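Asker: Take a look at the following structure, please.
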Amino acid sequence: MNPIFHRHLVLGYVVTWTIQLAYLLYVGLKWKASRKP
Amino acid sequence: MKLFRWLWLALTLGLLANGFRVAMFVVPPDKDQGDIARIFYYHFPSWCGMSLFFAINLGASIAYLALRNKTQINAQIRALKADSLALATAEMGVVFCTIGMVTGSIWARPVWGIWWTWDARLTSITVLWLIYVAYLLLRQFASGPQMQTLAAVMSIFAYIDVPIVYMSTRWWRTQHPGPVIGNGKLDASMWPAVWWNLAGWLAWGIFVVSLRYAAEQRHKLAEQRAALQSLEAA
């Protein structure tokens with residue numbers, strides 16, 4: 001089977017990216033707020 | 001600095017894209033576990049990222065404690081920088097720790113038949129996660145220099161659990177697999193995926209920490225300026 005269709009594997013990779021991107025969004029908002037005069 | 005940051009991001013995304021390609025389509029499936037073992041290529045870098053950023057958090061906290069009472073302006077600025085770095089690395093460490101726990105649990109379901117068990121490794125890592133979350137809550141909901149000092153001391157105590165987590169699979173019999181790095185247990189065919197993803201996720205962590213650090217540093221300086229202005233106005 002193509003590993004891209006392995007349910008738990010895909011779940012693990014998606015969860016990783018979701019958490020990292022959510023944190024990046026939080027940092028981006030902090031970054032934007034800190035640049036306001 | 002801006003150009004360097006963009007170049008770093010491009011390098012990071014390149015490493016992660018290639019890491020994904022190698023992990024999914026180049027290295028063979030594990031002979032015992034099959035494709036689910038590929039989750040290791042995201043699980044392992046998360047623990048490395050956590051260990052790196054908690055270690056930097058420890059160093060920055062010690063530096064803050066050493067510099068905070070010095071009267072020279074340079075020392076004060078360095079203390080401020082150390083405190084900002086401590087916050088940024090603690091947050092990134094908690095993110096990596098969370099991912100390590102979640103990916104481990106997702107791997108455990110098809111391999112062990114359970115999502116979670118309270119063995120020494122999983123219990124000690126949960127304690128570590130809770131301590132650093134408490135550290136971040138302290139920083140979020142308290143304020144002033146005493147909070148920074150308390151947070152720095154707390155981070156030193158928190159770090160004591162890091163070597164306990166690392167050694168737990170050696171000291172106690174655990175459901176969690178024993179060490180596979182540095183003892184020849186990891187099949188040679190898996191190493192390219194390990195290295196690419198490790199490099200990619202560490203580069204990602206450094207990129208995000210640099211943004212968080214800069215934002216926190218600007219926030220602190222703005223607070224100081226506002227305090228000075230209100231003193232001058234009084």
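The values are calculated or read from the model by the stated rules, or taken from the named source; none is laboratory data. These numbers come from a predicted model, not from an experiment. Cβ coordinates were reconstructed from backbone atoms using ideal geometry, including for glycine residues, and neighbour counts include every protein chain displayed. Heavy atoms of the whole protein, side chains included, go into the accessibility calculation; ligands, DNA and RNA do not. Shrake-Rupley method; radii C 1.70, N 1.55, O 1.52, S 1.80 Å.
Asker: How many nm is it between the label spots at B:V180 and B:V127, if each spot is 7 Å from the Cα in line with the beta carbon?
Answerer: Result: 2.6 nm between the two label points.
Asker: When you look at the Cβ of every residue in B:205-218, what mean number of other chain Cβ atoms sits within 10 Å?
Answerer: For this peptide, the per-residue mean of nearby foreign Cβ atoms is 4.
Asker: Send over a whole-number figure in Å² for the accessible area per residue of chain B, probe 1.4 Å.
Answerer: Value for chain B: 51 Å² per residue.
Asker: I've got another one for you. Could you tell me what percent of the accessible area of the stretch B:61-141 is made up of carbon and sulfur, with a 1.4 Å probe and every protein chain present?
Answerer: So the carbon and sulfur contribution to the accessible surface is 66 percent.
Asker: Can you pull the one-decimal nm distance between simple spin-label points at A:L21 and B:R21, each 7 Å off the Cα toward Cβ?
Answerer: Computed distance between label sites A:L21 and B:R21 equals 2.0 nm.
Asker: Per residue in the stretch A:15-37, which ones lose no less than 50 Å² of accessible surface when going from chain alone to all protein chains (1.4 Å probe)?
Answerer: When all protein chains are present, A:T16, A:W17, A:I19, A:Q20, A:Y23, A:L24, A:V27, A:W31, A:S34 each give up 50 Å² or more of accessible surface.
Asker: Same structure again: Would you compute the Debye intensity of the stretch B:17-119 from its alpha-carbon atoms alone, equal scatterers and no solvent, and pass along log10 I(q)/I(0) at q = 0.16, 0.21, 0.25 Å⁻¹ to two decimals?
Answerer: -0.77, -1.02, -1.19
Asker: What is the list of residues in the stretch B:123-150 whose amide nitrogen lies under 19 Å from a point 7 angstrom out from the Cα of B:I62, following Cα to Cβ?
Answerer: B:149-150
Asker: While we're here: Near B:K70, which lysines are there with a Cα under 23 Å away, not counting those fewer than 8 places off in the same chain?
Answerer: Within the straight-line cut-off, B:K70 pairs with B:K81, B:K220.
Asker: Each label point is 7 Å from the Cα along the Cα-to-Cβ direction; what then is the distance between the points at B:I160 and B:F4, in nm?
Answerer: 3.8
Asker: Using DSSP to define loop residues, name the chymotrypsin sites (Phe, Trp or Tyr not before Pro) in the stretch B:93-166 whose beta-carbon has at most 13 other beta-carbon atoms within 10 Å.
Answerer: Sites meeting the loop and neighbour criteria: B:W115, B:W118.
Asker: Hey, could you get me the Stokes-Einstein D for chain B, Kirkwood radius over alpha-carbon pairs, 37 °C and 0.692 mPa s, rounded to whole µm² s⁻¹?
Answerer: It comes out at roughly 167 µm²/s.
Asker: Moving to a separate point now. Take B:D30, project a point 7 Å from its Cα along the Cβ direction, then tell me which residues of the stretch B:171-189 have their backbone nitrogen under 11 Å from it.
Answerer: In the stretch B:171-189, the label zone of B:D30 (backbone N under 11 Å from the point 7 Å along Cα→Cβ) covers B:177-178, B:180, B:186-187.
Asker: Still on this structure, I have one more. Which helices of chain B meet both criteria: a Cα extent of 27 Å or more along the helical axis and a mean Kyte-Doolittle score no lower than 1.0, with helices taken as whole DSSP H segments? If you can, show how the numbers build up before the last one.
Answerer: Values: long enough: B:2-21 (29 Å, 0.81); B:40-67 (40 Å, 1.10); B:73-112 (57 Å, 0.82); B:120-141 (31 Å, 1.29); B:191-233 (62 Å, 0.09).
Those that pass (Cα extent of 27 Å or more, hydropathy at least 1.0) are B:40-67, B:120-141.
Asker: When the C-alpha atoms of the stretch B:97-234 are aligned to their principal axes, what extent does each axis show, in angstrom, from largest down?
Answerer: For the stretch B:97-234, the Cα spread along each principal axis is 68, 31, 25 Å.
Asker: From the helices alone, meaning DSSP H stretches of at least four residues, give me the mean residue ellipticity at 222 nm for the protein assembly as shown, per-run term -39500 (n - 2.57), in deg cm²/dmol to the nearest 500.
Answerer: Result for the protein assembly as shown, helices only: -27500 deg cm²/dmol.
Asker: Which of rounded, prolate, oblate describes the stretch B:154-234, given a ≥ b ≥ c as roots of the alpha-carbon gyration tensor eigenvalues and a/c under 1.5 marking rounded, otherwise prolate only if a/b is larger than b/c? Please report the intermediate quantities before stating the final value.
Answerer: On the way: a/c = 7.17, a/b = 2.18, b/c = 3.29.
Verdict is oblate for the stretch B:154-234.
Asker: Please state the equivalent ellipsoid semi-axes for the stretch B:99-167: what are the square roots of 5 times the Cα gyration tensor eigenvalues, largest first, in whole Å?
Answerer: 30, 13, 7
Asker: In Å, what Kirkwood hydrodynamic radius results for the protein assembly as shown from the alpha-carbon pair distances?
Answerer: 20.1
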